[in-house]
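J.: Below you'll find the structure I mean.
The values are calculated or read from the model by the stated rules, or taken from the named source; none is laboratory data. Note that this is a predicted model, so its numbers are computed, not measured. Cβ atoms come from the backbone with ideal geometry, glycine included; neighbour counts cover every protein chain shown. When the accessible area is computed, the model is the full protein with side chains, heavy atoms only, and any ligands, DNA or RNA have been set aside. Shrake-Rupley method; radii C 1.70, N 1.55, O 1.52, S 1.80 Å.
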Amino acid sequence: MNEFVYLPENLDEALEIRASTGAVPIAGGTDLMVRYRRGSGIPPQFDFPVVLIGKIDALRYIEVSADNIHIGSATTLTEIFMNEDVPQILKLAVGEMASPAIRNVATIGGNIGNASPAGDTLPPLYILDAKIVLKNLNGEREVPIEDFITGPGQTILRSDEIIYEVTIPIGNFDKIYYRKIGTRKALALSKVSFSAAVNYRGDVIDDMRFAFGAVAPVVIRSREIEGEFKNITFNELKNREGEIAQKYSPLINPIDDQRSTAEYRRKVSLRLLKFFIQNVI
Amino acid sequence: MSERISMSVERVDAREKIYGEALYIGDYRFEDMLFAKTVRSKVPRAKILNVKIPALPDGYFVVDRDDVPGKNRVKILVYDQPYFADGVVNYIGEPILLVVGPEREKVFEIARKVEVEYEEIPPILTIDDALSGKNQPIYGDDNCFVDYHYEKGNVKNAFANAETIVEGEYETGYQEHLYIEPQGVAAVFDGEKITIYGSMQCPYYIKRALAECLALDEKNVRVVQVTTGGAFGGKEEYPSLIAGQAAVAAMKTQKPVKLILDRTEDIMVSTKRHPSRTRYRAAIDADGKVIALDVDIIFDGGAYAGLSDVVLQRGMFSAAGVYNIPNISVHGRAVATNKVPTGAFRGFGAPQVFFAIERLFDKIASKLGENPVDLRLRHAISQGDFTATGGIMRQPVKIPEMVEKLEKMSDFRSKIGKSLPGDEPHIKRGYGLSLFFHGCGFTGNGENIIAAEAKLKKHSDGKVEILVANTEMGQGALTALRKIVAETLKIQFDDVIYELPDTDRVPDSGPTVASRTTMIVGGLLKKAAEEMRERWNEADEFEIMKKYHHPDYIRWNQETFEGDAYPTYSFGANVAEVDVDTITGEIAVRHIWAVFDVGITIDEVLMRGQAQGGVVQGTGYATIEVMEAQAGRLLQSTITDYTIPTTKDVPLVECAFIDNPYEYGPFGAKCAGELTLVGAAPAIAAAVENAIGREIVRIPIKPEEIIKKLD
Ligand SMILES: Cc1cc2nc3c(=O)[nH]c(=O)nc-3n(C[C@H](O)[C@H](O)[C@H](O)COP(=O)(O)OP(=O)(O)OC[C@H]3O[C@@H](n4cnc5c(N)ncnc54)[C@H](O)[C@@H]3O)c2cc1C
C-alpha cells in the first residue's frame, strides 16, 4: 500500500532503505507512476514500498575522467541532451524521446531500470559499451549493460542495490547513425530503432557496431557478427550486405502489438541496416 | 475577405482559457458531493448471471438498473442503450452499475472489487460477421440498424451502355475525438428538480432524455453547460448517457453526484467515428463521361444504434461527391457489432464516403489516362445541376475558381499524378487533390423537425442578450453569434451578452452540431436583431423570438430520399504534398493547401482556426490515428497509443476562402466547421499513391501497409 513512500535525504540513506525494506526506487516516475496510475487526481497505488531517489544530488552529475564519461543515474534526459561531453549518438536518441516536459524529469537510470525493449537510450548505450555501476551498502559492482538487462523488464539488480552510474568509455566514431521509427514524430514510443557507429581508416573499416531496439526481448548487438566484418573495405561491405543481413536476421525476434507488427519491425530493421551499408557509409 | 463582418475580433473566451481561469466540470464542487465510478462489462457479449457487490461502507452506494425511476434506455433517435445494463452486455465497457461515495479513492477501490459473472454469447466482431447471419443478431433480424436505398435515373441502363466500368473498394478506420477534456457531468437533485452541469454540445438532448429516464416532468429537468474543453461531435449524444447515470445516482442518494471519465476509460467507451467499407462501380461512356455510379456503403455502428441512422444518411447523400452524375444508386447499411457504439464526429458520415469517391475518381483518371484535375473539373457539379438525391444545386458553385486559386497557391497541376524525387534518394514525393462539400445544417427534414427557436432580449441598460441553446466548445460560437447580433444592431460587440446555455433560460435552438450554429441559429438571430433594430425604442425591455423553417424552395421526401437533402452546400478543395520514406514506409505530410467556400466568413481568424484544425484532424485520420479492435477490445486505448498529430507531425497548412454569399445565411455565411476535415484524407491518400505508384484504398495509411506494398 501507499504507506511506504521513503524520502531519503542522501545516497547512504537511500541504500539503507533499500537494504532494509527492498523499497523500489522511483527517479522521475515517468514509467512507474504511469504504470500504477489509478484515476486522475488519485495517487498511484503500489503494492510495494517505494523510495524516491530522483532528487538525490549524489546521483545527478555528468563527469569526465581520463577514460570515461560518468553519468549519475538520476540525471535527467534534458541534462544529458544539453551536455557537451555526452557522446553524440546517445544525444540523438535522447533528443527524440518523449517531450520536453517528460525529458525534464525522466532519468537515464529509469530508462535502464525499466529495461523495456523499446527503451531508447539502450541501443546507443549498447553501442558505446556502456557499463552500469550498481551500489549497495557494501560497495559497488560494474557490469556491461548487456549483462545487466536480461529480458523485458528484467535486470540483475539486487533488492539492496540501486543503479548508481552509467560509465561510458571515451571514444570517437567517424560515422554515427540513429533512426527511431515511432508511432509519430514526437511523444512516441519506438516501433523499431536502429543505431550504428563506425570507425575507419581510408576505406577500410576498423570497427563497426550496430544495435537494434524494440525488435527482440532485449536490444540486439552482436559483437560476433561485428567481428566478422572488421578490416574489410567499404566496397566489400556493400557487396556482402545480404550476408550481413542474413546473420542479423535470426536475432531479430519482434512481436505484434498495438503499435506495429512483427513483420514490419523485422523488415524495417533489415532495411535500415542495408540502407546504412549502401547509402550512409 | 471583403466583408466587414469577416474582420476579426478577440475571441471572448480566449483570455479566461489562456489564463486558466475557466472552470470546467472537474473544477466544480458541490456541498456533500459524491463521486461516481462506473463498473463496466469486461466481455464483448454476454448474459449477466450475477453481480457480487462487496460490503459497502457507510455513505457508499451502488446504483444500477433497479434504481432508474423511468425508462432505462437513453432516448437518442430511438430508445437506445440502457443507462445500466439490463441483464445483457453488448460491448466491452458497457456500463453495468455505478459505485458512488464521498471519497474517490474508496469509490474506485470498491468498483474494482465488484465481481460480475457472465455467460458469454458468441460475439459479432466485424462487418462481415455482422452480415453473415452466423451468430445471433444484435439488432433486429438482419442485424442492421438501418438499411436504405435510393436511386436517381436508371443505373441499370447506364451500366448496360457503358464503354468502361471501373470498380473500387475503400475502407476507413475508427477515429477517436480525443477532445482535451474528457466526458464529465454533475447532477444535483433538490427533491423535485434535477440539474445537470456538464461538458456537452446539446443541452436539450440531455433534458429530453432525462425526463424519460427519471420520469420527471420536463420542467423539472434543468441542464446547464459549463466550459467545454472540445467535443468534435463526441459530446453530441454521449453525455445523455452519463447525465442519466449521475442523475439516477443523485436521486437515489439525495446528494450531488459527479461522474467524470478518466482518459483511458473515455477512449474505450465513448463514441467514435464509424469504420466503413464502401464499394463503387462506375459506368463510363465512350466520351469518358461517368454516367452512373452504383454504390454500397456499410458503416460499423457498434453495439447500439445511437446516431448511426443519420450518420449513414449524410454519408449516402455524399455518394456522388461534388460531381454531376446523372444516374446513381446508393445502398447503405449501418450494421451492429459487439464493439463500442460509434456516433457523431465532425463530418458525420461524409468523410468516409468522400474518401471513397475521391479515390474512385483518381482511379478513373488513371484508367482513362487523364489528368485527375481535368477529370474532376469535367464532372464538377454547377449551379442548376441535380444533386445525388435529385435536389437542385441552387447557389453558384465555384469549383473552377477554387481549383484555380489552389493552382496559384501551390502550382500543383504539373506535379500531380506522378512520383517525384524528394530531398534524398530514398524519399519519394507526391501530390494529391480532393474536392468535397458539406451539406449545411441537419440532413433531410431535420431542421424542420427541430424548428429551432432563438431569442434576443433587450435589457433596460441597452445591452442585448442572446438566448439560445447553442454551446461553445472551442469552435467560437460565443464570438461569432455576438458579432452577428452586434453588427446587425450596430451596437458594440461588448454590449451583447451570451452566456453558456441553461435550459431554464434559453429556448431550444437545436443542438450544436451539423455546422448549423452560425448559419441556422445565427440566421435566426440576424432576423431577430433586424426586427429589434426597428423596434428599438418601443420599450426598455423586450424579447424577440424567431423560429426556423426551411426556405420555401426546399423539396424533400424523407421516405424516398428524393429532393434537397440540404438547403445549401459549402465546398472545399485541398492539395496535399507528402513524402514517403521508402526504407521505413513513414509518411510525412509536408504541406496542405486548402481553399474553402463557406459563403462569407463571420470572422476570418476564427475561420482560419477551424480550417487549420480541421485539416490537421483530417491529416491524423489519414495517417497516424490508428485504432483497431481485436476480439472486441480497442487496442489503442491510451493517449500514448492513440496518436494524434503533435506540432512536429502537423503539415504547413495554407488556406484561403472564396466569397460566395448565401442569401439565407447571416451576412451570407454557410456552414464551415465540419467541412474543413473532410478533404485531407483523400488528398493525402492520392499524394501517397502518386509518390509510391501503388494504389491506396484504406485509411489510416500505415507504414506497415506501405512496406508490404513496396516489398
Ligand atoms: C509521455 C511519455 C513518453 C515517453 N516517451 C519515451 C520515449 O520516447 N522513449 C523511451 O525510451 N521512453 C519513453 N518514456 C518512458 C520513460 O519516460 C523513460 O523510460 C524514462 O527514462 C524513465 O525514467 P524515470 O526516471 O522517469 O523512471 P522511473 O519511472 O522513476 O523508473 C523506471 C524504472 O526504473 C527503476 N529505477 C529508476 N531509477 C533507478 C535507479 N537509480 N536504480 C535502480 N532502479 C531504478 C524503477 O524502479 C522503475 O522500475 C515515456 C514516458 C512517458 C510518460
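J.: Out of B:474, B:510, report the one residue that is part of a loop (DSSP other than H, G, I, E, B), touching a helix residue (DSSP H, G or I) at 6+ places or on another chain (Cβ under 6 Å) and under 24 Å from residue B:347 (Cα atoms). Spell out the reasoning first.
T.: On the way: B:474 fails: touching a helix residue (DSSP H, G or I) at 6+ places or on another chain (Cβ under 6 Å).
When all the criteria are applied, what remains is B:510.
J.: Name the single residue, out of those in the stretch B:601-636 being touching a residue at least 60 places away in the same chain (Cβ under 8 Å), open to solvent by 20 Å² or more (accessible area, probe 1.4 Å) and over 20 Å from the mean Cα position of the chain (by Cα), that is farthest from the ligand (Cβ to nearest atom).
T.: B:604
J.: Does residue A:6 qualify as being within 14 Å of another protein chain (Cβ to nearest Cβ) and within 13 Å of the ligand (Cβ to nearest atom)? Steps first, answer last, please.
T.: Values: within 14 Å of another protein chain (Cβ to nearest Cβ): no; within 13 Å of the ligand (Cβ to nearest atom): yes.
No: the conditions fail for residue A:6.
J.: Condition (residue is open to solvent by 20 Å² or more (accessible area, probe 1.4 Å), away from the ligand (no atom under 14 Å from the Cβ), over 13 Å from the mean Cα position of the chain (by Cα) and among the polar types (S, T, N, Q)) applied to the stretch A:164-181: is it met by at least one residue?
T.: So far as the stretch A:164-181 goes, yes, one or more of its residues are open to solvent by 20 Å² or more (accessible area, probe 1.4 Å), away from the ligand (no atom under 14 Å from the Cβ), over 13 Å from the mean Cα position of the chain (by Cα) and among the polar types (S, T, N, Q).
J.: Which one of these is more than 24 Å from residue B:180 (Cβ to Cβ) and either within 9 Å of the ligand (Cβ to nearest atom) or among the β-branched types (Val, Ile, Thr) (or both): A:80, A:42?
T.: Numbers: A:42 fails: more than 24 Å from residue B:180 (Cβ to Cβ).
Only one candidate passes the filter, namely A:80.
J.: More than 21 Å from residue A:79 (Cα to Cα) and in contact with a helix residue (DSSP H, G or I) (Cβ under 6 Å, 6 or more places away or on another chain), is that true of residue A:215? Talk me through it step by step, then tell me what you get.
T.: Details: more than 21 Å from residue A:79 (Cα to Cα): yes; in contact with a helix residue (DSSP H, G or I) (Cβ under 6 Å, 6 or more places away or on another chain): yes.
In short, yes.
J.: Here's another thing I want to ask about it. For the list (1) more than 13 Å from the ligand (Cβ to nearest atom); (2) closer than 27 Å to residue B:638 by Cα, I need the number of the one condition that residue A:68 fails.
T.: (2)
J.: Quick one: residue A:33 ticks every box in (1) part of a loop (DSSP other than H, G, I, E, B); (2) open to solvent by 50 Å² or more (accessible area, probe 1.4 Å); (3) within 9 Å of the ligand (Cβ to nearest atom); (4) of a type outside the set (Asp, Glu) except a single one, so which number is it?
T.: (1)
J.: Residues that are within 8 Å of the ligand (Cβ to nearest atom) and either open to solvent by 40 Å² or more (accessible area, probe 1.4 Å) or within 14 Å of another protein chain (Cβ to nearest Cβ) (or both): does the stretch A:13-29 have at least one?
T.: Yes: the stretch A:13-29 contains one or more residues that are within 8 Å of the ligand (Cβ to nearest atom) and either open to solvent by 40 Å² or more (accessible area, probe 1.4 Å) or within 14 Å of another protein chain (Cβ to nearest Cβ) (or both).
J.: Looking only at the stretch A:138-186, which residues are within 14 Å of chain B (Cβ to nearest Cβ), aliphatic (A, V, I, L, M) and touching a helix residue (DSSP H, G or I) at 6+ places or on another chain (Cβ under 8 Å)?
T.: A:181
J.: Here's another thing I want to ask about it. Could you check the stretch B:646-665 and list, in sequence order, the residues that are in contact with a strand residue (DSSP E or B) (Cβ under 6 Å, 6 or more places away or on another chain), surrounded by 20 or more Cβ atoms within 10 Å (Cβ to Cβ) and over 30 Å from residue A:188 (Cβ atoms)?
T.: To start, the set of residues in the stretch B:646-665 that are in contact with a strand residue (DSSP E or B) (Cβ under 6 Å, 6 or more places away or on another chain) comprises B:651-658, B:660.
In the following step, the residues that additionally are surrounded by 20 or more Cβ atoms within 10 Å (Cβ to Cβ) were identified as B:651, B:653, B:655, B:657, B:660.
Passing the criteria: B:657, B:660.
J.: Another question, then. Inspect the stretch B:495-504 for any residue being over 30 Å from residue B:178 (Cβ atoms), among the polar types (S, T, N, Q) and touching a residue at least 24 places away in the same chain (Cβ under 8 Å) and give the result as yes or no. Can you show your working first?
T.: Of all residues in the stretch B:495-504, those over 30 Å from residue B:178 (Cβ atoms) come to B:495-497, B:504.
Filter once more, keeping what is among the polar types (S, T, N, Q): none.
No, there is no match, as no residue in the stretch B:495-504 is over 30 Å from residue B:178 (Cβ atoms), among the polar types (S, T, N, Q) and touching a residue at least 24 places away in the same chain (Cβ under 8 Å).
J.: So if I check each of B:529, B:469, B:486, B:477, which one is in contact with a Pro (Cβ under 8 Å, 6 or more places away or on another chain) and either aromatic (Phe, Trp, Tyr) or outside the structural domain of residue B:239 (by TED's automatic domain parsing) (or both)?
T.: After applying the criteria, what remains is B:469.
J.: Separate question: Within the stretch B:70-85, is there a residue that is out of contact with any Pro (no Cβ under 6 Å at 6 or more places or on another chain) and over 22 Å from residue B:208 (Cβ atoms)?
T.: Among the residues of the stretch B:70-85, at least one is out of contact with any Pro (no Cβ under 6 Å at 6 or more places or on another chain) and over 22 Å from residue B:208 (Cβ atoms), which makes the answer yes.
J.: Could you grab me the full set of residues in the stretch B:671-711 that are open to solvent by 10 Å² or more (accessible area, probe 1.4 Å) and away from every other protein chain (no Cβ under 14 Å)?
T.: Residues of the stretch B:671-711 that are open to solvent by 10 Å² or more (accessible area, probe 1.4 Å), as a first pass: B:672-674, B:689-690, B:692-695, B:697-698, B:700, B:702-705, B:708-711.
Passing the criteria: B:672, B:673, B:674, B:689, B:690, B:692, B:693, B:694, B:695, B:697, B:698.
J.: Might you check whether a residue that is open to solvent by less than 60 Å² (accessible area, probe 1.4 Å), assigned to a loop (DSSP other than H, G, I, E, B), of a type in the set (D, E, K, R) and within 16 Å of the ligand (Cβ to nearest atom) occurs anywhere in the stretch A:129-141?
T.: Looking through the stretch A:129-141, none of the residues is open to solvent by less than 60 Å² (accessible area, probe 1.4 Å), assigned to a loop (DSSP other than H, G, I, E, B), of a type in the set (D, E, K, R) and within 16 Å of the ligand (Cβ to nearest atom).
J.: Also, quick follow-up: Would you please list the contacts, defined by Cβ atoms under 6 Å and residues six or more apart or on different chains, that run from a residue in the stretch A:150-167 that is under 16 Å from residue A:216 (Cβ atoms) and part of a strand (DSSP E or B) to a residue that is more than 9 Å from the ligand (Cβ to nearest atom) and open to solvent by 20 Å² or more (accessible area, probe 1.4 Å)?
T.: Going by the 6 Å Cβ cut-off, the qualifying pairs are A:151/A:217.
J.: A further question on this structure: Which residues, taken from the stretch A:240-281, are within 7 Å of chain B (Cβ to nearest Cβ) and open to solvent by less than 30 Å² (accessible area, probe 1.4 Å)?
T.: A:260, A:264, A:268, A:272, A:275, listed by residue number.
J.: Also: Is it the case that some residue within the stretch A:193-204 is within 14 Å of chain B (Cβ to nearest Cβ), open to solvent by 40 Å² or more (accessible area, probe 1.4 Å), touching a residue at least 24 places away in the same chain (Cβ under 8 Å) and at negative phi?
T.: no
J.: A further question follows. Can you pull out every residue in the stretch B:186-210 that is open to solvent by 10 Å² or more (accessible area, probe 1.4 Å), over 13 Å from residue B:241 (Cβ atoms) and outside any strand (DSSP E or B)? Give the derivation first.
T.: Initially, the stretch B:186-210 is screened for residues open to solvent by 10 Å² or more (accessible area, probe 1.4 Å), giving B:188-193, B:195, B:197, B:204-205, B:207-208.
Now drop any that are not over 13 Å from residue B:241 (Cβ atoms), which leaves B:188-193, B:195, B:197, B:204, B:207-208.
The answer is B:190, B:191, B:192, B:193, B:204, B:207, B:208.
J.: Looking at (1) in contact (Cβ under 8 Å) with a residue 12 or more places away in the chain; (2) more than 26 Å from the chain's Cα centre (by Cα), can you tell me which one residue B:548 breaks?
T.: Result: residue B:548 fails condition (2) only.
J.: Only one residue in A:179, A:184, A:223, A:240 is out of contact with any strand residue (DSSP E or B) (no Cβ under 9 Å at 6 or more places or on another chain), over 12 Å from residue A:277 (Cα atoms) and of a type in the set (Lys, Arg). Which one? Please lay out each step first, then the result.
T.: Details: A:179 fails: out of contact with any strand residue (DSSP E or B) (no Cβ under 9 Å at 6 or more places or on another chain); A:223 fails: out of contact with any strand residue (DSSP E or B) (no Cβ under 9 Å at 6 or more places or on another chain); A:240 fails: over 12 Å from residue A:277 (Cα atoms).
Only one candidate passes the filter, namely A:184.
J.: Among all residue pairs at least 6 apart or on different chains, which show Cβ distances below 6 Å where the first residue, located in the stretch A:171-186, is closer than 22 Å to residue A:103 by Cβ and the second is within 16 Å of the ligand (Cβ to nearest atom) and of a type in the set (Lys, Arg)?
T.: Filtered contacts from the stretch A:171-186: A:181/A:191; A:183/A:259; A:185/B:648; A:186/B:648.
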